[in-house]
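Structure first, then comments.
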Amino acid sequence: MTLRDAAAKRGLLIGTCISAAALTEPDYVEVAGREFNQAEPENEMKFGVIHPRRDTNPNPYDFSGADAIVEFALQHNMKARGHCFVWHSQVGDWVTSTSHTPDELSKVLDSHIQTVASRYAGKVYAWDVVNEAFEEDGSLRHTVWYDEPGIGLAENGTAYIEQSFRWARQYDPSTALYYNDYSCDTINPKSDAVYEMVKDFKTRNVPIDGVGFQMHLHLDSNNPATLESIKQNLQRFADLDIDVQITEMDVALESPDEDSLAQQAEIYRAIFEICLGIPRVTAIQTWGFTDKHSWIPGFTKGQKGWALLLDEHYAVKPAYTRILETLQAS
Ligand code: G3I
């Protein structure tokens, strides 16, 4: 029994991000295709990677990495998920280092979403339309898209987000449209702000289909109060009549000792159990699957890592086994 077989029995998607560079490794391809039924590019659909040159250049886009991952997903009968149209990070230098008027910037983003959404229409079943637009205190993050200079819609803080969703719906009417963010897994000022935005969008028929909760966790999440808050939070979003997905789960450790690995397994188990209890949770995705390829060691300068389900040699860890048991028991 694999994770994807066990998840499929529950009608659940179980996903991983995929790195196009790692697709050259036979073990990577074999395990990803065997264990997961959803795949999402880790970096290859981000603005700066897929659209590295200005539109006046004869060749403004580079679809090679994104195409390879979508192709990999479809060949392995996996759903392909898109990430992401609008983000403050990994935007092409040609956007951030040139001054644009709001009108020019609006045309840049409109055209970007049109080109990328249209290319993958019918292949990518869901998109993170906007990623990480809020700060921890619930205020809007200052970004090139929002107000630096922004796309000219900043009078209502979330108007540029709304416009991005409207463009995405226009250019691919059949894909599901998600807002995606981190540190809004529990009930807190940031998740409150996202909740209010989604509620407002639903009231005014702005096309939003779901919220992605990244779920980048540490061992301190292994306590009843945090887990209960995550449960209540996911449920309140589901109650807005949207789908909920876990989009980037990992549980970072400071060392891969036996006790830490057991606690890590317990956190994965608890999150899966919470999700299985909420019918509107349609997918759980981890941000990679082998500790060999994870963003955490690089980001924490080697202080943390060991965050995923398989170790760097592709051997399963306690977290993998607990998830499989949890899916089978549900
Ligand atoms: O591709 C270049 C390579 O040409 C260059 O030589 C090398 C030198 O630094 O950098 C390479 O780019 C790196 C890229 O990953 C691809 O490996 C970037 O430096 C590095 O910053 C980038 O990190 C990614 C990060 O997003 C960027 O913020 C991580 O792989 C990726 O896992 C991470 O993913 C994000 C999600 O998109 C959003 N949520 C948080 C999550 C974790 O940060």
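The values are calculated or read from the model by the stated rules, or taken from the named source; none is laboratory data. Note that the structure is predicted; figures quoted are calculated from it, not measured. In this analysis, Cβ positions are derived from the backbone assuming ideal geometry, glycine residues included, and neighbour counts consider all displayed protein chains. Just so you know, the surface numbers come from the protein's heavy atoms only, side chains and all, with ligands and any DNA or RNA stripped out. Shrake-Rupley method; radii C 1.70, N 1.55, O 1.52, S 1.80 Å.
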Quiz item: Leaving out ligands, DNA and RNA, what percent of the accessible area of the chain is carbon and sulfur, probe 1.4 Å?
Solution: 50
Quiz prompt | Long-range amide H partners of ASP243 with built H, under 5 Å | solution = GLY210, VAL211
Quiz item: Using the Karplus equation 6.51 cos²θ - 1.76 cosθ + 1.60 (θ = phi - 60°), what ³J(HN,Hα) coupling, rounded to whole Hz, does each residue of region 285-298 give in order, writing x for Gly and Pro?
Solution: 10, 9, 8, x, 9, 10, 4, 5, 10, 9, 6, 5, x, x
Self-check item: Intensity falloff of region 161-206 expressed as log10 I(q)/I(0), Debye formula with alpha-carbon point scatterers, at q = 0.30 Å⁻¹
Solution: -1.11
Quiz item: Where q = 0.09 Å⁻¹, what log10 of I(q)/I(0) comes from the Debye formula for the chain, counting one point per Cα?
Solution: -0.45
Quiz item: Quick one: if you stick a label point 7 Å off each Cα along the C-beta vector at ALA8 and ALA21, how many nm between them?
Solution: 3.2
Quiz prompt | Solvent-accessible area per residue for the chain (1.4 angstrom probe, square angstrom) | solution = 40
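May I ask you to derive the relative contact order of the chain, considering only C-alpha pairs under 8 Å and at least 6 residues apart, and to give it as an integer percent?
Here the relative contact order equals 16 percent.
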Quiz item: How large is ³J(HN,Hα), in whole Hz, for each residue of region 60-71 in order, when computed from phi with the Karplus curve 6.51 cos²θ - 1.76 cosθ + 1.60 and θ = phi - 60°, using x for Gly and Pro?
Solution: x, 10, 10, 8, 4, x, 5, 4, 4, 6, 4, 4
Self-check item: HIS293, HIS100, reordered so the largest accessible area comes first (probe 1.4 Å)
Solution: HIS293, HIS100
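Given a cut-off of under 8 Å on Cα pairs at least six residues apart, what relative contact order in percent is computed for region 77-213?
Relative contact order, region 77-213: 29 percent.
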